[in-house]
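Right, one structure below, let's go through it.
The values are calculated or read from the model by the stated rules, or taken from the named source; none is laboratory data. Predicted model, so just to flag it, every value in this text is computed and none were measured. Positions of Cβ are generated from backbone atoms using ideal geometry, with glycine treated the same way; all protein chains shown enter the neighbour counts.
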Amino acid sequence: MLENDFPPFGLRISHEDMTLRVFRDADMAEYLDLLSGPIFADETVPWVFPWYQAPVEQRRLNALKAQWGWRSTMTPEDWNLAFGVYINDVLVGSQSVSAKNFARLGVVESGSWLALKYQGKHFGSRMRKLMLHFAFDHLGAIRAQSKAAAKNKDSLNVSLSAGYQLDGRRIELYGEQALEVQHISVTPKQFNRLEGEVVVTGLTDQLRAILGATFSPTSGLGKGQELSSKKN
């Protein structure tokens with residue numbers, strides 16, 4: 001199985017009907033079709049993703065290159081896990097978690113998007129929280145950081161519902177334009193956890209080594225094959 005050679009392929013993070021798993025090449029046709037469709041109700045807003053502004057054919061090619069690039073360049077000092085977000089095995093969007101020098105800093109960053117037809121169903125909040133459960137409870141992250149356009153209230157509200165705190169605004173380049181960006185961050189103590197059990201499978205010792213994650217929430221599972229967390 002490919003996960004024996006590339007451990008991220010075996011990783012699963014699940015809560016009720018939602019599962020996050022790292023994209024494989026077999027998922028690419030469905031993934032490209034989803035990102036070829038609408039993500040923004042109003043595509044004239046200034047915070048439309050720069051990658052989304054490309055013509056559809058170029059967008060699809062760029063997305064493929066990005067997926068292959070993240071896999072081929074993954075090291076403990078610089079990695080990105082790009083998850084497909086599935087509801088009952090239907091792909092609805094993407095959630096990523098990434099880090100640089102994770103073993104030293106314990107800080108992760110994230111990005112996400114949902115297809116327009118799946119927005120307004122609380123999927124965005126749940127997938128963000130699933131990522132945070134994994135980062136805090138299973139990798140031992142001490143802080144998660146993200147950002148969004150300061151006027152993108154929908155995106156910021158999703159983050160705030162997970163416990164993120166406002167962390168200052170800056171003017172940054174967003175594609176070719178300057179945009180006021182709101183930075184946000186959350187710690188394990190601030191995190192607003194999901195109700196019910198979150199199950200993580202496939203977090204092997206080999207994958208921990210790739211991610212530079214030496215923290216282990218339990219010493220009784222040996223290979224770290226299956227771990228779960230539950231809000232008390």
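Name the single residue, out of those in the range 26-38 being touching a strand residue (DSSP E or B) at 6+ places or on another chain (Cβ under 7 Å) and farther than 16 Å from residue 58 by Cβ, that is surrounded by the most Cβ atoms within 10 Å (Cβ to Cβ).
Once the filter is applied, the top-ranked residue is 34.
Take the conditions outside any loop (DSSP other than H, G, I, E, B) and either at pLDDT below 95 or out of contact with any strand residue (DSSP E or B) (no Cβ under 7 Å at 6 or more places or on another chain) (or both) and apply them to residue 221. Does it pass?
no
Among what's in the range 39-51 and is surrounded by 11 or more Cβ atoms within 10 Å (Cβ to Cβ) and touching a residue at least 60 places away in the same chain (Cβ under 8 Å), pick the residue that is farthest from residue 149 (Cα to Cα).
Looking at the filtered set, the residue picked out is 39.
Just for the range 54-81: of the residues that are aliphatic (A, V, I, L, M) and not in a loop (DSSP other than H, G, I, E, B), which one is farthest from residue 109 (Cα to Cα)?
56
Residue by residue through the range 18-63, note down the ones that are β-branched (Val, Ile, Thr) and either touching a Cys at 6+ places or on another chain (Cβ under 6 Å) or at pLDDT below 95 (or both).
44, 45, 48
Which of (1) farther than 24 Å from residue 12 by Cβ; (2) surrounded by 22 or more Cβ atoms within 10 Å (Cβ to Cβ) is the odd one out, the single condition residue 141 does not satisfy?
The number of the failed condition is (1).
Within the range 79-125, which residues are more than 11 Å from the chain's Cα centre (by Cα) and among the acidic types (Asp, Glu)?
The one that is more than 11 Å from the chain's Cα centre (by Cα) and among the acidic types (Asp, Glu): 89.
So which residues in the range 194-218 are in contact with a strand residue (DSSP E or B) (Cβ under 8 Å, 6 or more places away or on another chain), among the hydroxyl-bearing types (Ser, Thr, Tyr) and part of a loop (DSSP other than H, G, I, E, B), if there are any at all?
Within the range 194-218, 218 is the sole residue that qualifies.
When you check residue 6 against the structure, is it more than 20 Å from residue 127 (Cα to Cα) and surrounded by 12 or more Cβ atoms within 10 Å (Cβ to Cβ), yes or no?
Against the criterion (more than 20 Å from residue 127 (Cα to Cα) and surrounded by 12 or more Cβ atoms within 10 Å (Cβ to Cβ)), residue 6 qualifies.
Scan the range 186-205 and report the pairs whose first residue is touching a residue at least 60 places away in the same chain (Cβ under 8 Å) and more than 27 Å from residue 157 (Cβ to Cβ) and whose second residue is surrounded by 14 or more Cβ atoms within 10 Å (Cβ to Cβ) and of a type in the set (A, V, I, L, M, F, W, C), with Cβ atoms within less than 6 Å and a gap of 6+ or a chain change.
202/11
What's the total number of residues in the range 137-193 that are touching a strand residue (DSSP E or B) at 6+ places or on another chain (Cβ under 9 Å), assigned to a loop (DSSP other than H, G, I, E, B) and at negative phi?
Looking only at that region, the number is 14.
Given the criterion in contact with a Gly (Cβ under 8 Å, 6 or more places away or on another chain), farther than 20 Å from residue 184 by Cβ and in contact (Cβ under 8 Å) with a residue 12 or more places away in the chain, identify the matching residue among 141, 103.
Selected residue: 103, the only one of 141, 103 that is in contact with a Gly (Cβ under 8 Å, 6 or more places away or on another chain), farther than 20 Å from residue 184 by Cβ and in contact (Cβ under 8 Å) with a residue 12 or more places away in the chain.
Conditions (1) surrounded by 21 or more Cβ atoms within 10 Å (Cβ to Cβ); (2) touching a Phe, Trp or Tyr at 6+ places or on another chain (Cβ under 8 Å); (3) under 15 Å from residue 124 (Cα atoms), marked per residue:
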| residue | (1), (2), (3) |
| --- | --- |
| 69 | no, no, no |
| 78 | no, no, no |
| 87 | no, yes, yes |
| 94 | yes, yes, yes |
| 101 | no, no, no |
| 105 | no, no, no |
